[in-house]
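The values are calculated or read from the model by the stated rules, or taken from the named source; none is laboratory data. All of these numbers come straight from a predicted model, not from anything done at the bench. Here the Cβ is made from the backbone with ideal geometry for all residues, glycine too, and neighbour counts use every protein chain on show. Ligands, DNA and RNA are stripped out before the accessible areas are found, and what is left, the full protein with its side chains, is counted by its heavy atoms. Shrake-Rupley method; radii C 1.70, N 1.55, O 1.52, S 1.80 Å.
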Amino acid sequence: MPTPVPPETARPPAPRGDLALLGVAVLAVSTSGPLIRYAAAPALAIAMWRNALALPVLAIPAWRARRPDRREARLIALSGVFLAAHFATWVPSLSYTSVASSVALVATQPVWAALIARARGEHVHREVWIGIGVALVGVLVLSGVDLSISPRALFGDLLAMVGGALAAAYVSVGSEVRRSVGTAVYTTGCYGVASALLLLACLVSGRPIAGFSTATWLAIAALVVGPQLLGHTLVNTVLRSITATAVSVAILFEVVGATVIAALWFGETPPLAAIPAGLLIFSGIIVVIRAGRRRPVEGAPLG
């Protein structure tokens with residue numbers, strides 16, 4: 001889970017060990033899309049278990065921390081609502097469109113975070129608008145490519161893009177509450193709310209939450225250990241020595257990693273026409289992140 005961080009200051013060169021940890025983190029989050037695609041379970045159930053199974057690990061340090069007040073608790077709950085909605089849209093998108101398209105579109109989260117900041121009355125630098133424009137051109141090109149493949153793929157693209165917007169809302173709310181609430185307390189409450197809502201969605205829609213194959217349970221466990229805990233935990237760790245901008249840009253390589261893993265695992269390669277679109281999205285997001293380097297980072301991609 002991406003954690004908002006303070007504005008950057010000058011730092012000495014990052015230790016090689018932290019650079020290696022960042023590489024492991026990128027690899028871990030890159031497995032998210034392929035693992036979801038592999039798991040033979042309903043999307044809502046995958047999302048629910050991914051959040052619920054992380055709770056026992058997080059609850060131990062959270063138990064010893066300061067309890068949030070009412071305002072903080074409301075913000076944590078709201079963040080959990082947005083997180084549940086993010087997973088409820090992005091995870092199903094992988095059943096309709098390619099891993100490459102889905103991960104690229106959900107990675108537009110920093111673009112949506114900038115638009116949310118502007119809607120809240122914050123100043124948005126001119127370079128940010130340029131980056132947003134470049135990324136949106138890439139989105140339009142990618143959508144056109146996927147529409148030529150099938151309307152089903154375009155629907156998956158829409159779900160992934162909505163998932164990116166909801167992730168930005170989740171992180172924007174989280175950046176507010178994280179000013180006074182520790183990571184363990186925040187993530188435990190947020191994941192708990194998300195798990196409960198996703199469980200309710202499974203029950204109401206009649207989606208099974210158990211009875212899956214051993215391979216599927218292993219994939220869900222890998223989602224918890226990899227992207228949900230290991231990936232984002234290491235991201236938070238390396239922020240002690242690597243700037244937030246550098247970390248955010250590095251995590252964008254999740255798009256590349258997920259595409260390579262999907263190609264090797266499923267033989268799923270994006271059409272050549274989608275590559276320029278991906279590069280436009282990638283370039284636009286980098287511009288947005290770098291233009292926001294003087295303010296808190298609120299848009300590291302959420303996988």
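Across region 158-187, the qualifying residues are those that are part of a helix (DSSP H, G or I) and over 17 Å from the mean Cα position of the chain (by Cα), and the one among them that is modelled with the highest pLDDT is V185. There is no residue in region 267-289 that is under 15 Å from S98 (Cβ atoms), open to solvent by 60 Å² or more (accessible area, probe 1.4 Å), at pLDDT 90 or above and touching a helix residue (DSSP H, G or I) at 6+ places or on another chain (Cβ under 9 Å). For region 126-162, filtering for residues that are surrounded by fewer than 17 Cβ atoms within 10 Å (Cβ to Cβ) and either closer than 19 Å to I289 by Cα or touching a strand residue (DSSP E or B) at 6+ places or on another chain (Cβ under 8 Å) (or both) leaves 7.
Quick check: anything in region 223-230 open to solvent by 50 Å² or more (accessible area, probe 1.4 Å), under 12 Å from A25 (Cα atoms) and β-branched (V, I, T)? Yes, region 223-230 has at least one match.
Could you check, for region 163-175, whether at least one of its residues is without any contact (Cβ under 8 Å) to a residue 60 or more places away in the chain, in contact with a Leu (Cβ under 6 Å, 6 or more places away or on another chain) and crowded, with 21+ Cβ neighbours inside 10 Å? There is no residue in region 163-175 that is without any contact (Cβ under 8 Å) to a residue 60 or more places away in the chain, in contact with a Leu (Cβ under 6 Å, 6 or more places away or on another chain) and crowded, with 21+ Cβ neighbours inside 10 Å.
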